[in-house]
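In what follows, a single structure is set out as structure tokens and then discussed.
The values are calculated or read from the model by the stated rules, or taken from the named source; none is laboratory data. Since we're looking at a predicted model, the values are computed, not measured. Cβ coordinates were reconstructed from backbone atoms using ideal geometry, including for glycine residues, and neighbour counts include every protein chain displayed.
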Amino acid sequence: MTGKSAIVTGAGTGVGKAITRALLADGFRVALVGRRREVLEATAAELDPGRANTLSLPADIADAPAVQAVFDAVVRQWGRLDLLVNNAGINAPLVPLEDTTPEQWHNVVNSNLTGAFFCTQSAFRVMKAQNPQGGRIINNGSVSATTPRPWSSPYAATKHAITGLTKAAALDGRPFNIACGQIDIGNAGTEMTTTIAKGVLQADGSTAAEPTIDAGHIARAVSYMAGLPLEANVLTMTVMATQMPFVGRG
């Protein structure tokens, strides 16, 4: 895979950082995208000390022109785009549905869904136009793409929508050799899941700590998906903590 280029959103921390590390090890050149330049720069310097194979591109992915500027910068630097990993995402405070504020709803939708759509749209433009044509898109769906937690309507709604986006992109990408798949993650151990390890509301009203797994396991799964030839695609994959209350929860 040496010489291939990738964009990873939410690349500065957590799962995105782990994915970036794995892709660099596989020989990808990686553009790190996120809101905070200082975090992106620190991660890039840690994972690629010589900065020969990374770009730090801060952007608000809910801003379509800003997203297009990111993709334009990658093409200027490396000539093409082979992989997009739509990883960026946030959650809203876990509160009863009726107490979710309009601002909280819009923040989650903009980050998790609108941003993923704009990135996918820009990736299609690049991948359709380049020669050889095509590329791969991998979306972070989360296990909430199929099964929500209590008090999680904004997050669950956007992750269910990511499944629709994945399937639509997989269909629309066929004529152009663009493969699109989704990885559904269950309790990767990151800053975003610290409360899960301490105790989180369950469907029966109780509170219980849940096991987590190292984000490196997720990164290796993404590495496998990214390494397939374009005639093969992992449409959906679930990687989860074995003992988490997901299968049958609720």
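Taken as a whole, the condition of being of a type in the set (A, V, I, L, M), surrounded by fewer than 16 Cβ atoms within 10 Å (Cβ to Cβ) and under 30 Å from G199 (Cα atoms) does not apply to V109. Go through the range 194-231 and give me each residue that's buried (at least 17 other Cβ atoms within 10 Å of the Cβ) and among the polar types (S, T, N, Q). Listed by number, the residues that qualify are T212, S223. Quick check: is even one residue across the range 74-82 without any contact (Cβ under 8 Å) to a residue 40 or more places away in the chain, out of contact with any Cys (no Cβ under 8 Å at 6 or more places or on another chain) and closer than 23 Å to I185 by Cβ? No. Of all residues in the range 52-67, those that are surrounded by fewer than 21 Cβ atoms within 10 Å (Cβ to Cβ) have Cβ atoms under 6 Å from Cβ atoms of residues that are of a type in the set (K, R), 6 or more apart or on another chain, in N53/R29; P58/R37.
Of the residues R21, R37, R76, R51, the single one that is charged (D, E, K, R) and within 19 Å of G216 (Cα to Cα) is R21. Criterion applied to V234, V239 was being surrounded by 16 or more Cβ atoms within 10 Å (Cβ to Cβ) and either assigned to a loop (DSSP other than H, G, I, E, B) or more than 20 Å from the chain's Cα centre (by Cα) (or both), and the one residue passing it is V234.
Restricting the search to the range 182-195, which residues are at pLDDT below 90 and either touching a Leu at 6+ places or on another chain (Cβ under 8 Å) or over 15 Å from I218 (Cβ atoms) (or both)? If the condition is that a residue be at pLDDT below 90 and either touching a Leu at 6+ places or on another chain (Cβ under 8 Å) or over 15 Å from I218 (Cβ atoms) (or both), then T194, T195 are the ones that fit.
Of all residues in the range 214-231, none satisfies the criterion of being of a type in the set (A, V, I, L, M) and farther than 20 Å from G27 by Cα. Of everything in the range 117-151 that is more than 16 Å from V74 (Cα to Cα) and touching a Ser or Thr at 6+ places or on another chain (Cβ under 8 Å), the residue that is surrounded by the fewest Cβ atoms within 10 Å (Cβ to Cβ) is T146. Answer yes if at least one residue in the range 86-94 is modelled with pLDDT of 95 or more, touching a strand residue (DSSP E or B) at 6+ places or on another chain (Cβ under 8 Å), within 23 Å of R220 (Cβ to Cβ) and not small (G, A, S), and no otherwise. Yes, the range 86-94 has at least one match.
How about the range 89-120: which of its residues are without any contact (Cβ under 8 Å) to a residue 12 or more places away in the chain and part of a helix (DSSP H, G or I)?
Across the range 89-120, the qualifying residues are E98, D99, P102, E103, H106.
Taking the conditions exactly as written (buried (at least 20 other Cβ atoms within 10 Å of the Cβ) and in a strand (DSSP E or B)), does I185 satisfy them or not? Against the criterion (buried (at least 20 other Cβ atoms within 10 Å of the Cβ) and in a strand (DSSP E or B)), I185 qualifies. Taking the condition of being part of a loop (DSSP other than H, G, I, E, B) and of a type in the set (K, R), how many residues in the range 121-166 meet it? Here the count works out to 1. Taking the range 159-178 as the range and being free of Cβ contacts under 8 Å to residues at least 40 places away in the same chain and exposed (fewer than 15 other Cβ atoms within 10 Å of the Cβ) as the test, the residues that pass are G164, A168, L171, R174, P175.
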